[in-house]
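The values are calculated or read from the model by the stated rules, or taken from the named source; none is laboratory data. Note that the structure is predicted; figures quoted are calculated from it, not measured. Here Cβ is always computed from backbone atoms with ideal geometry, including for glycine, and neighbour counts include all displayed protein chains. Surface areas here come from the heavy atoms of the whole protein model, side chains and all, with no ligands, DNA or RNA. Shrake-Rupley method; radii C 1.70, N 1.55, O 1.52, S 1.80 Å.
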Amino acid sequence: MLIVQKYGGTSVGSLERIQAVAGRVAAAVKAGNKVAVVVSAMSGETDKLIKLAQNICQRPDEREMDLLLSSGERVSAALTALALQERGINAMSFTGRQTGIITDTAHTRAKIEKISGERVKEALRKGKVAVIAGFQGVTGDMEDVTTLGRGGSDLTAVALAAALKAGLCEIYTDVEGVYTADPNIVPEAKKLDKVSYDEMLELASLGAKVLQTRSVEFAKKYNVPLVVLSSFTNAPGTYIVKEDPSMEKVLVSGVTYDKNQAKLTVLGAPDKPGIAARLFSDIANAGLVVDMIVQNVSSDNRETDISFTVPRTDSAKAREITEKIAKDLGARGVSANEGISKVSVVGVGMRTHSGVASKMFQVLAEHGINIMMISTSEIKVSCVIDAKYTELAVRALHQAFGLNGKSPVKKSTKKKPSPKK
Ligand code: ADP
Ligand code: ASP
Ligand code: MG
């Protein structure tokens, strides 16, 4: 079988770890598989490179950042190929460009447009292990290096698996799979044997960084068979699968948190048609992704406060744009809060059962945690809270929804048909 194996930062975090990875790859080869390996930068390396740049300038140019950050993955790809060769395995490493990973020109968050994979295919045909530097690509004119957003090596692996029509894409990381909550925060969290693409998409987009959100989108779209497992143990991992009817019984499958959030508020904007349209089209045109939006109209109906959240890493840029618009609109001002986080409860069972949102609010209230914003979808409820209560909230919700130590809760009171929480 052709397998794509991806090893994250901790899994290639030292020379010993790289040698352990080479051992794992060698075992897969000896078992008769063809193997393409995607590696991340050694743990901490990407953050270190970002800090270096920020010591030179506050908002470094994104094209230069891409060239800089892509180097981390090249180091681990070459070292992994060397470690394999040292074991007598014929291996060859490739950059994103050499792999033919063509992206758009959105530096630091580029989208993959095409993967030719010619050289990788040729290496595999010749019985070699191909080691690919994750997280990077090249623009269509082959002129500039791009990167795929934080955690982007997951996307490299999934997209490559689709391009090579691999039988399986294995994502090796530092935990044994996808859990009901981050196991590093909730020790009682349980590993899920399988999770649907949709649920994984919600979990990832709401903060479960074990898989990059875009990699899950891609896997769903192209039906890439995906498993998350540990590079430190031999435990079976979590399979990401198409939804099946038995999954509907699980009311809540996980609790997530996302601290990479900032809240901006336009204070006292005139309450008239076109205000939100103007604000959010300018923000979208700047390439910023807005998550939650709350608008309050004052009692005299003349003024409105509009609050919204953006990734914290984009908050300075968003604030700059918002302040300009606020001035143009004659609003009273803009306030920003970077000390927030978003906690969410996720589960496909919410489509057919009620009571999740109210229970969530109650649990937060019992712990004295104030809710600043709320948003819901068919299969999740999210609340923005003060960041300092994040761990407390996640643990309390995990327990309240019966996820500690036993199977995910199955709700007894069935309600039909509206998909309300
Ligand atoms: P890698 O470097 O291998 O890509 P990441 O650090 O990106 O690894 O992702 C793995 C981490 O994701 C884990 O160490 C864990 O702290 C975190 N995580 C957050 N939520 C979850 C979850 N629901 N299940 C498993 N891991 C989670
Ligand atoms: N090294 C990159 C990051 O830290 C990509 C990855 O690890 O997937 O975000
Ligand atoms: Mg990752």
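Things to note:
- Residue check for N234: farther than 24 Å from A163 by Cβ and either more than 16 Å from ligand 3 (Cβ to nearest atom) or outside any helix (DSSP H, G or I) (or both): yes
- Residues that are open to solvent by 30 Å² or more (accessible area, probe 1.4 Å) and either part of a strand (DSSP E or B) or not acidic (D, E) (or both) within the range 357-374 comprise S358, K359, F361, Q362, A365, H367, G368, N370, I371, M372, I374, listed in sequence order.
- Within the range 205-221, restricting attention to residues that are in a helix (DSSP H, G or I) and open to solvent by less than 20 Å² (accessible area, probe 1.4 Å), the residue that is nearest to ligand 3 (Cβ to nearest atom) is S215.
Rundown of residues vs (1) open to solvent by 30 Å² or more (accessible area, probe 1.4 Å); (2) over 15 Å from A77 (Cα atoms), yes/no style:
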| residue | (1), (2) |
| --- | --- |
| S40 | no, no |
| T46 | no, no |
| L49 | no, yes |
| L52 | yes, yes |
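- V346 in contact with a Gly (Cβ under 7 Å, 6 or more places away or on another chain), open to solvent by less than 70 Å² (accessible area, probe 1.4 Å) and in contact (Cβ under 8 Å) with a residue 60 or more places away in the chain: yes
- Of the residues making up the range 142-190, those that are over 30 Å from E62 (Cβ atoms), more than 8 Å from ligand 1 (Cβ to nearest atom) and in contact with a strand residue (DSSP E or B) (Cβ under 7 Å, 6 or more places away or on another chain) are A166, G167, L168, E170, E176, K190.
- Meeting the requirement of 1 or more residues that are open to solvent by 10 Å² or more (accessible area, probe 1.4 Å) and charged (D, E, K, R), the helices (runs of 4 or more DSSP H) wholly within the range 90-192 are 96-99, 118-125.
- Every test in (1) open to solvent by 20 Å² or more (accessible area, probe 1.4 Å); (2) under 19 Å from L168 (Cα atoms) is passed by C57 save one, and that test is (2).
- Filter result for D66 (without any contact (Cβ under 8 Å) to a residue 60 or more places away in the chain, of a type outside the set (V, I, T) and either within 16 Å of ligand 2 (Cβ to nearest atom) or over 27 Å from G167 (Cβ atoms) (or both)): no
- V29 being on the phi < 0 side of the Ramachandran plot, open to solvent by 30 Å² or more (accessible area, probe 1.4 Å) and more than 22 Å from the chain's Cα centre (by Cα): yes
- Residue check for E202: open to solvent by 10 Å² or more (accessible area, probe 1.4 Å), of a type outside the set (S, T, Y) and part of a loop (DSSP other than H, G, I, E, B): no
- Scanning the range 274-289 for residues that are within 21 Å of the chain's Cα centre (by Cα) and buried (at least 16 other Cβ atoms within 10 Å of the Cβ) gives a single hit, L288.
- Residue, farthest from ligand 2 (Cβ to nearest atom), within the range 8-39, restricted to residues that are in contact with a strand residue (DSSP E or B) (Cβ under 7 Å, 6 or more places away or on another chain) and assigned to a loop (DSSP other than H, G, I, E, B): N33
- Being away from ligand 3 (no atom under 16 Å from the Cβ) and either at pLDDT 95 or above or closer than 21 Å to F232 by Cα (or both) is a property that E199 lacks.
- Residue check for V241: more than 16 Å from ligand 3 (Cβ to nearest atom) and over 20 Å from the mean Cα position of the chain (by Cα): no
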